[in-house]
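What follows is one structure encoded as C-alpha cells, with my remarks underneath.
Here, each number is a calculation from the coordinates, and none is a lab measurement. Quick caveat, the model's predicted, so the values are computed rather than measured. Methodologically, a virtual Cβ is constructed for each residue, glycine included, from the backbone with ideal geometry; neighbour enumeration extends over all protein chains shown.
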Amino acid sequence: YTPLFRSVLQAVNGTVEWSANPVAANGAAPLGLHFTSTGGLSWRQSKAQAQSGALDALFRLRYTPAQFTMPLEIEVGVGEVAQRVSLARFAPLGRIDFTLDFPEFAQAINTAAAQTESATCPTVEHLANPNFEEWLRIGSQLQPRRTVALPPSVTGASAIDIAASGEWGYVVMGDSEGVALLHVLDPICAEVRQTVPLGSLRPFDLVIHPDETRAYLSAGFQGEIYLIDVATNAPLAIPLRLRGRAVRLAVAPDGRTLYATETFIDDVNESTVQMARVQVIDTVLLEQLDRSQIDIATHNPFREIVLANEVEPVDLALSPDGRHLFVAIQDTDSSAQSGRIHVFDTGSLLPVGSPMEISDGTPSAIAVAPNGQMLAVALESIVESNSGALRLIELNRRTVLRDLPIAFNPVDVLFAPDNKRAFVIEQEVGNL
C-alpha cells in the first residue's frame with residue numbers, strides 16, 4: 001500500500017521549505033495551506049482575514065506601503081526597439097485599472113509602428129465588419145458629383161431604387177430590341193454589377209421591399225405590377241393587373257403596404273374623363289391571393305385614395321415612420337409648367353393640410369430623406385431657365401431650402417441612407 005501525499009512549497013526569505021501530508025479522505029474537508037514556525041516540527045492551517053475555510057493559495061505582503069504603487073508597465077514593440085510605458089498616472093485610483101487611450105501609450109505605438117521595417121499584413125483577424133463594408137465615409141466635405149454610366153438604351157432609364165442596406169440597387173430601362181432590362185447597381189463603386197432581361201415589359205417604376213427579399217415593378221401601359229424575387233432578380237409569373245396604367249410605386253417602411261398610382265379613362269356625365277387613384281395594397285395579401293383572379297374594377301380587395309380628375313400622379317414617397325404618403329401631381333394641360341405635392345395620412349387615407357403648390361416648374365419625381373426632415377422634388381424644367389432642378393423642401397415648415405441645377409427630364413430621385421447623397425436619373429442621356 002502506497003499512501004498519497006500532497007506537496008506544499010512556501011517561500012520564506014528566499015528559501016523553500018516543504019512537507020508532505022496525506023491527502024484528505026473522500027468526503028473529508030480539504031487540508032488547505034499550512035505553515036510552520038518550528039522548522040517543520042508542527043504545522044498549522046493558514047487563515048486569511050474575513051475568509052473562512054481552507055485556503056488554496058495565499059500571498060501575504062511582509063511590508064505594506066503607505067500608499068498604492070502601480071506595479072505594472074506596458075511593453076510596446078519587440079526586441080531592441082521595445083519601450084516600456086509607465087502606468088503611474090493611474091496610481092491615484094488605488095488599484096490596477098487603466099485604459100489604453102492616454103498620450104504616452106499612443107506615442108509609444110506610433111514610435112513602434114514607425115520603426116517597423118516590414119510592411120507585412122498584421123497577424124490578427126478583424127472579426128467585426130471584416131470586409132469593411134460599413135466604412136464608407138471619407139472626410140466631412142461634400143464630394144464632386146459622380147456619374148454611373150448605364151448601358152446604351154433606346155427608352156432610357158425609367159426608375160431606380162437602392163436597398164435599405166445601401167449596398168445594392170436596381171435600375172430599369174429598355175434596349176433597342178424592345179426588351180426591358182433590370183440592372184443591378186453597386187452605388188458605392190458607382191458601377192453596374194449585373195444586367196437581367198425582363199422580356200417585352202414596359203417598365204415604369206420599381207421599389208425594393210425593406211427586407212430586401214422582394215421588389216415590385218410596375219409595367220405602365222400594361223397596367224401590371226410584378227413581384228421580383230431578389231435571389232434570382234427575376235419577376236414571378238403572375239402580375240397584379242390594375243384598371244389602367246400602373247405608374248408609380250412606394251412601399252411602407254415596415255413592408256406591409258405597397259402604394260401604386262394608376263390612371264384610367266372613364267365616362268362621367270357622358271364625358272370621357274381621366275381618373276387617378278392610389279391603390280393601397282396589403283403586400284402579404286398580394287402574395288396570398290390568386291392574382292390572376294383579382295379584378296380591381298369589379299371587386300377591389302384593397303383600399304384606395306381617390307385623386308382629382310384630369311391630373312397625372314407622377315410619383316409617390318413615404319415618410320420614414322410610414323405615417324405620411326406624399327403624392328406628386330402634374331396637371332394634364334401640357335402647356336402648364338406647374339404641379340403640387342399632396343400629403344395623406346396612411347392610417348385614415350385623408351389629406352394632411354393643403355397641397356404644396358409648385359408654380360415655376362413641372363414635378364417629375366420626389367423622395368423623402370431617411371431622417372424625415374427634407375423632401376427632394378425633381379423638376380423637369382424651371383420657368384425662364386435652361387435646365388431642370390432638384391428642389392429641396394424642409395418638411396416641418398414646408399419651405400424651399402434651395403434648387404440644385406440638373407439636366408432636363410429627370411425621371412426619378414432618391415436619397416442614400418446616410419441623408420448626404422441623392423441620386424437622380426436623367427432620361428435622355430441614360431446617366432445616374
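Miscellaneous remarks
- Cut-off under 5 Å, modelled amide H: who pairs with Ile406 long-range: Gly388, Ala389, Leu390
- Using C-alpha pairs under 8 Å with a sequence gap of at least 6, the mean separation divided by the residue count of segment 294-415 gives a relative contact order of 18 percent.
- Label-point gap, in nm, between Thr36 and Asp186 - each point 7 angstrom along Cα→Cβ: 7.6
- Taking Lys and Arg as +1 and Asp and Glu as -1, the other residues whose beta-carbon sits under 13 Å from that of Arg402 total -1.
- Potential lengthening between Val273 and Asn309 on full extension [0.36 nm per residue; Cα-Cα distance subtracted]: 12.3 nm
- Couplings for segment 311-320, taken from phi via the Karplus curve 6.51 cos²θ - 1.76 cosθ + 1.60 with θ = phi - 60°, read 10, 10, x, 9, 6, 10, 7, 10, 5, x Hz in order; Gly and Pro are left as x.
- Anisotropy class of segment 156-426 from Cα gyration tensor, a/c 1.5 cut: rounded
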